[in-house]
Amino acid sequence: MTRTSRLEAGGACSIARSLTLLGERWTLLVVREAFRGRTRFAEFSAALRMPSETLTDRLGKLVDAGVLTRTAYQEPGSRERAEYRLTESGRALYPVLAALQQWGDGHLSGPEGPPAYLRTRDGGRPVRVALVDDEGREVSLDDIVSVPGPGASAAPGTGPGVGVPAR
C-alpha cells in the first residue's frame, strides 16, 4: 500500500492507519463476503449489489494491502478471470467483523432482533467478542490502560492513555 504522507497513514495510531484501508464504504462488506466463501467478482457483485467500478477499486486495494490474494482462473471457452481469497492478514479481520456485528446486534437491531447469530460449529453455542489478557482471562474495560509501544511518537493524540475507556 503506497502512502504519500504520515497523516494519510494515520501517524502512529494503528486505528487511523487501519481505517485508511478499511474505513471506506463497502470495504468491510467485501471482506465479509470473502469470509462467506465468495471468491469471484460476479459473486461479490451479486451479493453486494454495489457499483462494478467501486468493487474493482475495493478488491484492488485489499489485494495491494495483502488482505486478499488475486489468482487467475479460466473456465473452458471463457476468458481468464481473477478470483480472490483471504490471506492470513485477511483472516485476522474476522474478530473485527464479529465485533461490529455484536455491536450492531446490541445497539442497532430493530424489535425483530438481529439478522444473524454467531454460533460454534460443534454444539451451536453462542459466540461473542471479548477482550482477554495474554493468559486468556476476560478483562473489563475499567481494567485496561493504554501504554506507549515501540512505534509511539510525540505527535498529538498518540501518547499514553489514548483509547482508554472513560470511567
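The values are calculated or read from the model by the stated rules, or taken from the named source; none is laboratory data. Remember, predicted model here, so these are calculated numbers, not experimental data. So basically every Cβ, Gly included, is an ideal-geometry build from the backbone, and we count neighbours across all protein chains shown. With ligands, DNA and RNA removed, areas are computed over all heavy atoms of the protein, side chains included. Shrake-Rupley method; radii C 1.70, N 1.55, O 1.52, S 1.80 Å.
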With respect to Leu62, determine if the residue is out of contact with any Ser or Thr (no Cβ under 8 Å at 6 or more places or on another chain), closer than 13 Å to Glu33 by Cβ and open to solvent by less than 40 Å² (accessible area, probe 1.4 Å).
no
Take the residues of the range 51-92 that are of a type in the set (S, T, N, Q) and at pLDDT 95 or above: which is farthest from Leu21 (Cα to Cα)?
Thr71
Give just the number: which of (1) modelled with pLDDT of 95 or more; (2) surrounded by 10 or more Cβ atoms within 10 Å (Cβ to Cβ) does Ser109 not satisfy?
(1)
Restricting attention to the range 113-132, the residues that are more than 18 Å from Arg32 (Cα to Cα) and either at pLDDT below 95 or touching an Asp or Glu at 6+ places or on another chain (Cβ under 9 Å) (or both) number exactly 4
Might you let me know whether the range 25-35 holds any residue that is polar (S, T, N, Q) and in contact with a helix residue (DSSP H, G or I) (Cβ under 6 Å, 6 or more places away or on another chain)?
yes
Go through the range 28-46 and report how many residues are among the basic types (Lys, Arg) and farther than 15 Å from Pro95 by Cα.
2
Please tell me if Glu75 is part of a loop (DSSP other than H, G, I, E, B) and of a type in the set (D, E, K, R).
yes
